[in-house]
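What follows is calculated from the coordinates using simple rules that are stated; it is not laboratory data. This structure is a prediction, so every number in the text was calculated from the model and none was measured. All Cβ positions, even for glycine, are placed from backbone atoms using ideal geometry, and neighbour counts span all protein chains on display.
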Amino acid sequence: MKSIVILISGRGSNMEAIVQRCAAEGWPARVAAVISNRAEAGGLQFAAAHGIATAVVPHKAHATREAFDAALAAAIDAHSPDLVVLAGFMRILGEAFVRRYEGRMLNIHPSLLPAFPGLHTHERALQAGCKLAGATVHFVTPQLDHGPIVMQSVVPVQPGDDADALAARVLATEHQIYPRAVRWFVEGALHVEDGVVRQRSGEPQLLAAL
């Protein structure tokens, strides 16, 4: 039984999707803990209501990023995780922290990486005139919003879209691809070679919501 620790900063809708799919599909895993850097994160209430351990590691309580990273790692390691999942965790993590969990930490980003890393992805996609947008699940590396790509989703950019409308369409696909990617990891179905992730059983690594 694999142990999953999920990090959130807000309402945690992707965390909710993972918790629900893990239970419904009977993964060989359990979500052992949900940890946030913000005490007011709405997702903590959902986790607690589902019997999942919660913790808060406030970044403002630490003078340096390194001190915060060390405190966060201690909270994570208390649950002996096989996988760490970043689900709307809005803190940049230092290289030493990332190396600590290298190969067993996933993130989801609301763009078709390597396009539009960082913030304001939907605004930037609209400004660039993109005809397609989407989301990317990837292994975390020290370079922000990079790392081997596990799965992507694609949605059309509709005439008249604003950033909120596009974000909502992308988020709906995130709730599908992130649980799937996490399931693949805990089932041992992912293989990384030369920076490319392959799904061992041949399940599609692209969701086209067109």
Amide H within-cut-off set for GLY134, under 5 Å, with H built and near neighbours excluded: LEU112, VAL155
Taking the chain and dividing mean pair separation by its residue count, relative contact order in percent (alpha carbons under 8 Å, at least six apart): 19
Cut-off 13 Å, label 7 Å out along Cα→Cβ of ARG65, residues of the range 79-116 by amide N: 91-99
Anisotropy class of the range 86-210 from Cα gyration tensor, a/c 1.5 cut: oblate
Phi to ³J(HN,Hα) by Karplus 6.51 cos²θ - 1.76 cosθ + 1.60 over the range 146-160, Hz, x for Gly, Pro: 10, x, x, 8, 8, 7, 9, 10, 10, 10, x, 8, 8, x, x
Derived scalar couplings ³J(HN,Hα) [the range 49-64; Karplus, 6.51 cos²θ - 1.76 cosθ + 1.60; whole Hz; x for Gly, Pro]: 5, 9, x, 9, 4, 10, 8, 10, 10, x, 5, 6, 7, 10, 6, 10
Reported label for calculated Cα extents along the principal axes in Å given (i) 47, 40, 37; (ii) 58, 36, 35; (iii) 73, 43, 36: (i)
Residues with amide H under 5 Å from that of GLU187, placed H, sequence gap 5 or more: none
